[in-house]
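Enquirer: Input: one structure, supplied below.
The values are calculated or read from the model by the stated rules, or taken from the named source; none is laboratory data. Everything quoted here is computed from the prediction, not taken from an experiment. Glycine also receives a Cβ, built like all others from the backbone with ideal geometry; neighbour counts cover every protein chain displayed.
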Amino acid sequence: MKSQSSRRRFLKFSLAGVIGMTLGGKTLMRPVQAADIPHLTEDDPQAAALKYVHKSPYEDRNCSNCVLLQGNKGDEWRPCQLFPGKLVSASGWCSAWAG
Ligand code: SF4
């Protein structure tokens, strides 16, 4: 009798473990969403060094037409190769702008 009870308990904990790993894995495997990435601030030391601003002072130069901008066209905030881990404004600009 005791071994049947132990077996049942083992199976119960194993099942709970598999469910936990599956749900936990799903959470950990979730792709990074743009909403999870912080926006670059103008007073960030690297941004300030490159004179980054959220609104470009030029009519024809901004992040959305810079070759260093990444991400989805049309998104207001997108990744830039110069500022890994942060999003820049598509309307922004910095002194490294490259057309
Ligand atoms: S390099 Fe500068 S101008 Fe170009 S996308 Fe990045 S922040 Fe914008």
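Enquirer: In the stretch 71-99, how many are touching a helix residue (DSSP H, G or I) at 6+ places or on another chain (Cβ under 9 Å), part of a loop (DSSP other than H, G, I, E, B) and within 7 Å of the ligand (Cβ to nearest atom)?
Expert: Residues flagged as touching a helix residue (DSSP H, G or I) at 6+ places or on another chain (Cβ under 9 Å), part of a loop (DSSP other than H, G, I, E, B) and within 7 Å of the ligand (Cβ to nearest atom) within the stretch 71-99 amount to 5.
Enquirer: Quick one: Tyr58 ticks every box in (1) more than 12 Å from the ligand (Cβ to nearest atom); (2) among the hydroxyl-bearing types (Ser, Thr, Tyr); (3) surrounded by fewer than 11 Cβ atoms within 10 Å (Cβ to Cβ); (4) modelled with pLDDT of 70 or more bar one, so which box is it?
Expert: Result: Tyr58 passes all but (1).
Enquirer: Out of Gln70, Gln81, report the one residue that is free of Cβ contacts under 8 Å to residues at least 12 places away in the same chain and among the polar types (S, T, N, Q).
Expert: Only one candidate qualifies: Gln70.
Enquirer: Let me ask something else about it. Filter the stretch 56-70 for residues that are hydrophobic (A, V, I, L, M, F, W, C) and assigned to a loop (DSSP other than H, G, I, E, B) and give the result.
Expert: Cys66, Val67, Leu68 - these are the residues of the stretch 56-70 that are hydrophobic (A, V, I, L, M, F, W, C) and assigned to a loop (DSSP other than H, G, I, E, B).
Enquirer: For the stretch 55-88, give me the residue count where each residue is of a type outside the set (A, V, I, L, M) and under 19 Å from the mean Cα position of the chain (by Cα).
Expert: Residues meeting the conditions: 18.
Enquirer: What's the total number of residues in the stretch 36-67 that are touching a strand residue (DSSP E or B) at 6+ places or on another chain (Cβ under 9 Å) and touching a residue at least 24 places away in the same chain (Cβ under 8 Å)?
Expert: Going through the stretch 36-67 one residue at a time, the tally reaches 18.
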